[in-house]
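Report on the following structure.
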Amino acid sequence: MHIDHVNIKATAELLEKVRDFHCQILGLETGPRPAFGDRGYWLYAGDQALIHLTECSADRATGSQGAFDHFALRVPELSPFIRRLQDADVEYHESLVPGTGLRQVFFRDPAGARVEIQGLVDTT
C-alpha cells in the first residue's frame, strides 16, 4: 500500500496561487485531469499525480483544520527545497526525527495545507 495522492481544496481566488506554489516549491507540473464537474488541477511528479487541487466555496475551504494535518514527501536532498522556500520567502521550521537521521521541514501552502518534506540529514 502507498499514498496515491493528496487532495487540497481551495477557493477560486486561491486555486491558481496554490497550484503555482506547489509547482515552484515542490517542482511538480500541471498535467491531465479528468473532466470533473468542478475546477481543479492535478499536479504531477513524473507520471504520478501526487496532488489534486479542487475548487470549493469559501464555506468549505477548511485548510488544515479538522482531521487533516499534513502530507509528507521524502526527497533524496533537502537543500534544494530549503533554498526554494527561502527564495520564495516561505516560513518554515525544521526538526529531526530522533534516532533516524531524518530531518523534517514543515511549511504551509497558500490554502493553509501543511506540507512536510523529509530527507536524510546533510553530512556536508
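Name the single residue, out of those in the range 12-38 being in contact with a helix residue (DSSP H, G or I) (Cβ under 8 Å, 6 or more places away or on another chain) and surrounded by 16 or more Cβ atoms within 10 Å (Cβ to Cβ), that is nearest to GLU91 (Cα to Cα).
ILE25
Looking only at the range 1-20, filter to residues that are outside any loop (DSSP other than H, G, I, E, B) and closer than 14 Å to PHE71 by Cβ; which one of those is farthest from the chain's Cα centre (by Cα)? Lay out the reasoning, then the answer.
Going through the range 1-20, the residues outside any loop (DSSP other than H, G, I, E, B) turn out to be 6-10, 12-20.
With closer than 14 Å to PHE71 by Cβ added as a condition, the list becomes 6-9, 18.
Details: VAL6: 8, ASN7: 10, ILE8: 9, LYS9: 12, VAL18: 9 Å.
Residue satisfying both the conditions and the ranking: LYS9.
How about the range 25-81: which strands (runs of 3 or more DSSP E) wholly inside it have at least 2 residues that are among the β-branched types (Val, Ile, Thr) and modelled with pLDDT of 85 or more? Working first, answer last.
Values: elements: 29-31, 40-45, 48-55, 70-74.
It comes to 48-55.
Return the residues of the range 77-104 that are more than 16 Å from the chain's Cα centre (by Cα) and among the small types (Gly, Ala, Ser); say none if nothing qualifies.
SER79, SER95, GLY99, GLY101
When you scan the range 95-124, how many residues do you find that are of a type in the set (Asp, Glu) and surrounded by 14 or more Cβ atoms within 10 Å (Cβ to Cβ)?
Here is the first cut: in the range 95-124, the residues of a type in the set (Asp, Glu) are 109, 116, 122.
Narrowing further to those that are surrounded by 14 or more Cβ atoms within 10 Å (Cβ to Cβ): 109, 116.
Summing the residues that are of a type in the set (Asp, Glu) and surrounded by 14 or more Cβ atoms within 10 Å (Cβ to Cβ) in the range 95-124 gives 2.
Would you be able to tell me the number of residues in the range 82-95 that are assigned to a helix (DSSP H, G or I) and touching a residue at least 60 places away in the same chain (Cβ under 8 Å)?
The number of residues fulfilling the criteria is 2.
So, in the range 80-111, how many residues would count as being in contact with a strand residue (DSSP E or B) (Cβ under 9 Å, 6 or more places away or on another chain) and closer than 17 Å to HIS22 by Cα?
Qualifying residue count, the range 80-111: 13.
The values are calculated or read from the model by the stated rules, or taken from the named source; none is laboratory data. Everything numeric here is computed off the predicted structure, so don't read it as measured data. Note that we place each Cβ from the backbone using ideal geometry, even for glycine, and neighbour counts take in every protein chain shown.
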